[in-house]
Amino acid sequence: MTMDRRTLLGGAIGLGVAGAAGVANAQDWPAPVPADKAPDKPAWPPQETFRLWPGRPPGAPATLPADRSTMEGPANGRQLWVRGVATPTVSVYRPKNPDGRALLCIPGGGYQFLSVQNEGIDVADTFNPHGITIFVLTYRLPGEGWSNRANVPLQDAQRAMRLIRSRAARWNLDPKKLGIVGFSAGGHLAASLTVGFDDKIYTPVDDADKLSAKPAYSGLIYPVIDLSLAPNGNSTKSLLGSEPTPQLYARYDASKRMGDYAPPMFIVQALDDPIVNPKNAINMMEAARAHKVPVEAHFFEHGGHGFGPKQLAKDMPAAHWPLLFRLWTAKHS
């Protein structure tokens, strides 16, 4: 059964806080936050979690956001969401037998929250058994007081790719097999990284920033692509503000920035999506084909929105996108 993200994105109900105290000052989180009494709430973050920036992140406000990890959404489909990201991090999920492939996983949430369970933890549970290391990105949310709000998520995504590459030996990774997978607004961030991996949007802080942030391949799952399209849930206003300029649209309409330099892409979209206009995925596919960038796209009649790897019944064709994506990454690794 598909989770109704119209309810999730339109008016979520928070059920409690299990935030990590002192996150803003932690170098590496030493242990997972214990799960509360809700049986479906996983421990978060996992024990192996590292921060992206050695000090305060770029454009930090005087008062950092307060971390909130809550179970939200309708009663039959509550998930672990994160808001108030004071310290952006990467959480590592290792497979027992790594095959060199890795994915930076970018959860969605309309740039208002991060769906770290459905579009993070569940991704690791699905792909780890097949040798793929998963890095879940907890990126800053642009409306929480950061300067240059539109650049904040992409700063974190670029930095995460560079740090992972710089430490590839630690996780038995092949840096040339490091791809990305993004969902909904996280799909927009993944698309922004796909075309803007070399954008100069922060001052380098160490040797890791000499490395490329270019993904080996990009998975875009029910993605927002062009913020000038409607509907796109809350993503456009959340990222660009209430009165975006034509220049901001031009920079963050990902399909319009496509070039032959982009990595291969894998796109998944349900045509009955009530939150994200399917034209987003169509635009990206057509742009890739126009620039002769390898692209594989799957458009499903039914699936709705928010169908992470564990959300749909197995008799629905859209439920099998993880298998298709896994086989595709093997071809492009």
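Every residue, every condition in (1) under 26 Å from H305 (Cβ atoms); (2) open to solvent by 10 Å² or more (accessible area, probe 1.4 Å), yes or no:
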{"position": "Q47", "(1), (2)": "no, yes"}
{"position": "A62", "(1), (2)": "no, yes"}
{"position": "N97", "(1), (2)": "no, yes"}
{"position": "R101", "(1), (2)": "no, yes"}
{"position": "F113", "(1), (2)": "yes, no"}
{"position": "N128", "(1), (2)": "yes, yes"}
{"position": "G131", "(1), (2)": "no, no"}
{"position": "G143", "(1), (2)": "yes, yes"}
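Looking only at residues of the range 287-326 that are of a type in the set (A, V, I, L, M) and in contact with a His (Cβ under 7 Å, 6 or more places away or on another chain), we find that the one that is surrounded by the fewest Cβ atoms within 10 Å (Cβ to Cβ) is L324. Taking the criterion of being of a type outside the set (V, I, T) and either under 19 Å from L193 (Cα atoms) or open to solvent by less than 10 Å² (accessible area, probe 1.4 Å) (or both), the residues of the range 261-273 that qualify are Y261, A262, P263, P264, M265, F266, Q269, A270. Would you confirm, using the coordinates I've provided, whether A208 is in contact with a Ser or Thr (Cβ under 9 Å, 6 or more places away or on another chain), in contact (Cβ under 8 Å) with a residue 12 or more places away in the chain, assigned to a helix (DSSP H, G or I) and farther than 19 Å from G120 by Cβ? Yes: the conditions hold for A208. Scanning the range 240-260 for residues that are surrounded by 15 or more Cβ atoms within 10 Å (Cβ to Cβ) and either part of a loop (DSSP other than H, G, I, E, B) or touching a Lys or Arg at 6+ places or on another chain (Cβ under 7 Å) (or both), which turns out modelled with the lowest pLDDT? Of everything passing the filter in the range 240-260, P244 is modelled with the lowest pLDDT. Within the range 274-286, the set of residues being open to solvent by 10 Å² or more (accessible area, probe 1.4 Å), touching a residue at least 24 places away in the same chain (Cβ under 8 Å) and among the β-branched types (V, I, T) comprises just one member, I275. Comparison of D226, D207 shows that the only residue that is more than 16 Å from P88 (Cβ to Cβ) and open to solvent by 10 Å² or more (accessible area, probe 1.4 Å) is D207.
Taking the range 145-175 as the range and being in a helix (DSSP H, G or I), open to solvent by 40 Å² or more (accessible area, probe 1.4 Å) and polar (S, T, N, Q) as the test, only S166 passes.
Looking across the range 295-323, just one residue is acidic (D, E) and within 20 Å of the chain's Cα centre (by Cα), and that is E296.
The values are calculated or read from the model by the stated rules, or taken from the named source; none is laboratory data. Note that this is a predicted model, so its numbers are computed, not measured. As a convention, Cβ positions derive from the backbone with ideal geometry for all residues, glycine included, and neighbour counts pool all protein chains shown. Surface areas here come from the heavy atoms of the whole protein model, side chains and all, with no ligands, DNA or RNA. Shrake-Rupley method; radii C 1.70, N 1.55, O 1.52, S 1.80 Å.
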